[in-house]
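Let me begin by presenting the structure, written as structure tokens, before commenting on it.
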Amino acid sequence: MNPVSLVRVCFPRGVVANIDVSTAVVAVWSGLALDGSYLDESRIHEAVETALDEMEFLTGDATTKWGAVRASILGHTKPWVVKYVEIGNEDWLAGRPTAYEAYKKYRFPAFLKAFTEKYPDIQIIASPSIFDDMVIPAPAAGDWHPYLTPDELVDHFDRFDSISRQNKTLIGEVAATHPNGGIGWDGELMAYPWWGGSVAEAIFLLGTERNADKVIGATYAPGLRNMNRWQWSMTQIQHAADPELTTLSTSFHVWKLLGSYPLKETLPVTSTASQFGPLYYVAGHGYEGSGIFKAAVYNATESVPVSVRFSGAEHVAAANLTILTGPANPYGYNDPFLKNNVAEQSSTTLEATEEGVFSFELPALSVAVLETIGSLGS
């Protein structure tokens, strides 16, 4: 067996998650057209003013010009709460290099200045990230869209460990899109999310949760694919007019499992293993005070033994363990036309030893969540 034994989750508390999962990110037009043309500096104020009007429409009360329009036309008298606004979408890509240089030089700075003055409590997000050759000026955050091979996603598990807390980043789009050592962007995307790629996505997500003070949040993209006509095959849910073709992909099951156990705060972890791999993990407090340990196994040939102890919580005697496993073939996927599901989920209740240790094994290419039954306390 692979030599992973005791993982100890220690106190005191660690990183506090910094996103309200109940709110949305509003994107506004940054002055860039789909053909790569863009507003010059003398006209960028037009786009800025339009964006500010949009914010007033969403957040202003009925005494404001655009809040009154919302209340009278839509009948929605209560303003919406907007906490995150992104300026543009993938400005590092469309119209590069000229339009991107304009974004960095004057387009984004104009939006940042206007929003900081009028809406200082809104987190502004640039559509590029620090990984796209842009210095993101404070207090703004960036947006990173990594579409990668499974191995590359796993390699990025510790990407944010050494990043400054000043460089907050939204993972606005992420997915495994191409096989390892394969065709890359010169070829087609994979036909559907596949099990090995979905496990790699889980490991990438665990890495972002370990750095919740730097990562605002992460979203799979795109979410939906109409099987009658599409431009992008890698999607969480496939559907068509025939409801029998509605399919939850392997990535859907992985993201659903990890997303069902949000961490209010992370906890520091010590391990007898010298480094991460083949077991990758994060631990923390759930919103009800429970202890949560999330893990995934990648690039292992056999099951990995794991023992988890929440230090200082010996009174916690039981925990629920949920494990997602896939097919023997890591390229297995859920096919809308076969109506199959290669992702299998199992749940068991574990009893702790007198020392408070929970022991279990995780199969190769699996994703798991262990949650204590009862609060860890403070």
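Between ASN228 and ILE373, how high is the FRET efficiency from 1/(1 + (r/R0)^6) when r is the Cβ-Cβ distance and R₀ = 45 Å? Nearest 0.05. About 0.45, to the nearest 0.05. Extending 7 Å from Cα along the Cβ direction at THR23 and again at ASP158 yields two label points whose distance is 3.3 nm.
When Rg and Dmax are taken over the Cα atoms of the chain, they come to 22.6, 71 Å.
Lysine pairs in the chain whose alpha-carbon atoms fall under 15 angstrom of each other, counting only those eight or more residues apart or on distinct chains, come to 9. Selection among ASN226, ALA102, VAL82 by position relative to the dipole of the chain gives VAL82 as farthest towards the positive end (Cβ unit charges, Cα centre).
Here the label points at VAL135 and LEU34, each 7 Å from Cα along the C-beta direction, are separated by 3.5 nm in the simple model. Take the Cα of ILE122, go 7 Å toward its beta carbon, and the backbone nitrogen atoms of the range 52-76 under 18 Å from that spot belong to 52-71. Charge dipole (Cα centre; +1 on Lys/Arg Cβ, -1 on Asp/Glu Cβ; no other charges) of the range 87-168 amounts to roughly 540 debye.
The stretch between LYS339 and TYR287 holds 15.2 nm of extra length on full extension. This uses 0.36 nm per residue minus the Cα-Cα distance.
For the range 61-138, chymotrypsin sites (Phe, Trp or Tyr not before Pro) are listed when DSSP marks them as loop and at most 14 other Cβ atoms sit within 10 Å of their Cβ; the list is TRP80. The loop-placed chymotrypsin sites (Phe, Trp or Tyr not before Pro) in the range 175-237, going by DSSP, that have at most 14 neighbouring Cβ atoms within 10 Å of their Cβ come out as TRP230, TRP232. Where the centre of each part is set by its Cα atoms, how far does the range 51-89 sit from the range 154-186, in angstrom? If you average the Cα positions of each part, the centres end up 34 Å apart.
Site pair SER347 and ASP242 shows an inter-label distance of 3.3 nm when each label is modelled 7 Å from Cα along Cα→Cβ. Scanning the chain for GluC sites (Glu not before Pro) lying in DSSP loops with no more than 15 further Cβ atoms inside 10 Å, the longest uninterrupted stretch between such sites is 42-187. Over the chain, DSSP H runs of length four or greater, each weighted -39,500 (n - 2.57), average out per residue to a 222 nm ellipticity of -5000 deg cm²/dmol. Evaluated with a Cβ-only charge set (Lys, Arg +1; Asp, Glu -1), the chain carries a dipole of roughly 540 debye about its Cα centre, given to the nearest 20. Applying 1/(1 + (r/R0)^6) with R0 = 30 Å to the Cβ-Cβ distance of ASN329 and THR219 gives a FRET efficiency near 0.60.
Just so you know, all these numbers are worked out from the coordinates, no wet-lab data involved. Keep in mind the model is a prediction, meaning the values are calculated, not measured. No Cβ is skipped: glycine too gets one built from the backbone with ideal geometry, and neighbour counts run over all protein chains shown.
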